[in-house]
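What follows draws every value from the coordinates through simple rules; no lab data is involved. Just so it is clear, the structure is predicted and the values come from calculations on it, not from any experiment. Glycine also receives a Cβ, built like all others from the backbone with ideal geometry; neighbour counts cover every protein chain displayed.
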Amino acid sequence: MAMVAASAPGKVILFGEHAVVYGEPALAGAISKRVRVEVARAPGGLRIYSDNKDHRYVEKAVELVFNHLGRSSGLTLRITSELPPASGLGSSAAVSVATIAATAKALGRELSKEEISRLGHRVELEVQGAASPTDTLTATMGGVLYIQPGKKYTWVKASLPLVVGCTGIERSTKQLVEQVRALRDRYPEVVLPIIKNIGGLTREAKKRLEKGGDIGDLMNINHGLLVALGVGNEVLSRLVHAARAAGARGAKITGAGGGGCIIAYAPGETKRVLEAIEAQGCVALDAGIASEGVRLEK
Ligand code: PMV
């Protein structure tokens, strides 16, 4: 049978990381760097060819699709990714979601986005033990999502030129979330207002994005508050300051911090900001917001 392919985007958190753990809103955006999964039915079991380390997600995604459709097949899967793994850019979610869409299609079913996002979240839960639905939701739906814990997400219409700068330092989101919780427990009267403030600036950013306004200052404030929560480090700060010096209107940690990546908002200055990050010895990605989530490819 012919090969089918699907792709899904990575994500950045634009505003609200960590505060979202305490019920504040967050804004997440799909980015124009994608993971592509090709699937062909083949005799025998599962064969996976991949240039990253997300095999467990691929295996689990295939298993859940088999269960969901009540049928199975031998498959060959080929995965190519434009996303650095374990950097907080949602690589495992994009792999999971694209694998689900392509595998179901290879078995003759086109799944709805709701089905894909639900199965994708289950893949992450089963492989990692815990996972927020943000990454799989963003990889499936695309665009910018306004996420309020306990409520249904909404879309924010926004197109943003972004540069992503990656420290190359792997970190554990779980450990950083615990670290912030410990700081909150030690200094509740100091830390809780910071978390509330991040919520306030995320709400303000949503309003500005909807009007096509500049979000640079708000990104810079959010960065400062993340540093105050203790999730910054020297390399992250260097990248943030290098991006600002090269003309970015705003730059901040994206995701859990402690390593991983920064995002810079750099209308008209993308090239200079890319070069400034590379001059720090780090990987830089020119990655605007992608309006399209998971899609079947020709
Ligand atoms: O490291 P990332 O990009 O997966 O982001 C984690 C975001 C946190 O708010 C720190 C945790 C969470 O589950 O929302």
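Mean residue ellipticity, 222 nm, helices only, the chain: the sum of -39500 (n - 2.57) across DSSP H runs of n ≥ 4, divided by residue count and rounded to 500, is -13500 deg cm²/dmol.
Using only the Cα atoms of segment 33-136, build the gyration tensor, take square roots of its eigenvalues as a ≥ b ≥ c, and label the shape rounded, prolate or oblate: rounded if a/c is under 1.5, else prolate if a/b is larger than b/c, else oblate. Oblate shape, in that a/c is at least 1.5 and b/c is the bigger or equal ratio.
Site pair Glu210 and Ser172 shows an inter-label distance of 4.0 nm when each label is modelled 7 Å from Cα along Cα→Cβ.
Ordered by the number of other Cβ atoms lying within 10 Å of each residue's own Cβ, fewest first, His68, His241, His18, His223 fall into the sequence His241, His68, His223, His18.
Approximating the spin labels as points 7 Å out from Cα along Cα→Cβ, the Glu275-to-Leu69 distance works out to 4.9 nm.
Debye-formula intensities of segment 70-212, expressed as log10 I(q)/I(0) at q = 0.17 Å⁻¹, are -1.23 (one equal scatterer per alpha-carbon, no solvent). A viscosity of 0.890 mPa s and a temperature of 25 °C, combined with the Kirkwood radius over C-alpha pairs in the Stokes-Einstein formula, give segment 148-227 a diffusion coefficient of 163 µm²/s.
Relative to one another, the C-alpha centroids of segment 229-264 and segment 278-298 are positioned 17 Å apart. Normalised radius of gyration (Cα atoms, divided by 2.2 N^0.38 Å) for segment 144-184: 1.69. Pairs of Cα atoms nearer than 8 Å and 6+ residues apart set the relative contact order; for segment 127-279 it is 28 percent.
For Leu218, the shell of other residues with beta-carbons less than 11 Å away shows a net charge of +3, using +1 for Lys and Arg and -1 for Asp and Glu. Springs join every pair of Cα atoms under 10 Å in this Gaussian network model of the chain, and among Gly165, Gly200, Gly129 the largest mean-square fluctuation is at Gly129.
Taking a ≥ b ≥ c as the square roots of the Cα gyration tensor eigenvalues, segment 201-298 comes out rounded, since a/c falls below 1.5.
What order do you get for Lys151, Lys271 when you list them from fewest to most C-beta neighbours inside 10 Å?
Ordered by Cβ neighbours within 10 Å, fewest first: Lys151, Lys271.
Scanning the chain for DSSP H helices at least 15 Å long along the axis (C-alpha atoms) with a Kyte-Doolittle mean no lower than 0.0 picks out 91-106, 216-228, 234-245. Comparing mean-square fluctuations of Ile215, Ile48, Ile79 from a GNM of the chain with C-alpha springs under 10 Å, the top value falls on Ile48. Beyond 22 Å in Cα-Cα separation lie the following of the pairs Lys105/Lys157; Lys33/Lys53; Lys11/Lys174; Lys157/Lys196: Lys105/Lys157; Lys157/Lys196. Sites listed here are GluC sites (Glu not before Pro) in segment 69-150 whose DSSP assignment is loop and whose Cβ has at most 14 other Cβ atoms within 10 Å: Glu110.
By other beta-carbon atoms within 10 Å, ranking Lys211, Lys105, Lys196 with the fewest at the front produces Lys211, Lys196, Lys105. Reported to the nearest whole Å, the Cα centre-to-centre distance from segment 150-179 to segment 183-205 is 17.
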